[in-house]
Amino acid sequence: METNRSIFLALSKIAKIATSKVSMYSIDDPYSHPPFLRFRFENIDKEDEKYNFLRDVFVNFKGNLEWNLMTKSESSNFIIIPDIFSDDLEKDFYNQEYYREKFTLLEYHQLIDNAIEDIPNLAKYITLEYNKKVDYLCFNEII
């Protein structure tokens, strides 16, 4: 599975996605900004259980970094992003000078590398947890 699109593909197994972006980082320059995915499920309310399920998945994921599912009250979209960068969404998200002030270049590159390394594992974890939930629901319907 292609790392850059793996979380998008995992989410698309849960519900149809309405988004204009499927890649989490620039292939030409992966350090240009922190990896993230902006998405929403098509025709599914922000308060739907699917989003709560994903929040729990991100809390329980054990990777190099902690991950966050964020949204704003005025937006219908959600953002998946490493938690260490979540505060930066409102500030200078695409400003590399901002990150040079916040981290050393080596620290910033290591954080990005760790995030990119996490992406396929997070995608697998989303799929695994969703499949377990579906299996559980199906099993309980049979009983």
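The values are calculated or read from the model by the stated rules, or taken from the named source; none is laboratory data. Predicted, not measured: the structure shown is a model, and the values here were computed from it. Neighbour counts run over all protein chains shown; Cβ positions are idealised from the backbone, glycine included. Areas reflect the complete protein model, heavy atoms only, side chains present, ligands, DNA and RNA absent. Shrake-Rupley method; radii C 1.70, N 1.55, O 1.52, S 1.80 Å.
Placing D113, D28, D87 in order of accessible area, with the largest value first and a 1.4 Å probe, yields D28, D87, D113.
Once both axes come from the Cα atoms, what is the angle between helix 49-60 and the longest principal axis of the chain, in degrees from 0 to 90, rounded to 10? So the inclination is approximately 60 degrees. Any chance you could check the Cα centroid distance between segment 2-31 and segment 82-138 for me, in angstrom? First find each Cα centre; the distance between them is then 12 Å. Largest accessible area first, the residues H109, H33 order themselves as H109, H33 under a 1.4 Å probe with ligands, DNA and RNA left out. Of all aspartates and glutamates in the structure, the ones whose alpha carbon falls short of 13 Å from that of K46, not counting any fewer than 8 places away in one chain, are E74.
With 0.36 nm allotted per residue and the present C-alpha distance subtracted, the D56-K16 stretch has 12.4 nm of extension available. Of the solvent-accessible surface of the chain, computed with a 1.4 Å probe and all protein chains present, 50% belongs to carbon and sulfur. The gain in end-to-end length when the Q110 to L128 segment is fully stretched comes to 3.8 nm, 0.36 nm per residue minus the alpha carbon separation.
Relative to the current alpha-carbon distance between L9 and D87, full extension at 0.36 nm per residue lengthens the span by 25.5 nm.
What's the angle, to the nearest 10 degrees (0 to 90), between helix 105-142's Cα axis and the longest principal axis of the chain? It works out to around 0 degrees. Across the options T104, P35, I17, the greatest Cα extent toward the positive end of the charge dipole of the chain (unit charges at beta carbon of Lys, Arg, Asp, Glu) belongs to I17. Taking a ≥ b ≥ c as the square roots of the eigenvalues of the alpha-carbon gyration tensor, segment 7-63 is classed oblate because a/c is 1.5 or more while a/b is no larger than b/c.
Distances between placed amide hydrogens fall under 5 Å for F78 paired with F39, R40, all partners being 5 or more residues away or on another chain. The mean of 1/r over all pairs of different alpha-carbon atoms in the chain, once inverted, gives a Kirkwood hydrodynamic radius of 16.0 Å. In terms of accessible area, using a 1.4 Å probe and ignoring ligands and nucleic acids, M24, M70 rank largest first as M70, M24. Taking the Cα centre of the chain as reference, the dipole from Cβ charges on Lys and Arg (+1) and Asp and Glu (-1) amounts to some 440 debye. Only helical runs count toward this figure. For the chain, summing -39,500 (n - 2.57) over DSSP H runs of n ≥ 4 and dividing by all residues gives -15000 deg cm²/dmol at 222 nm.
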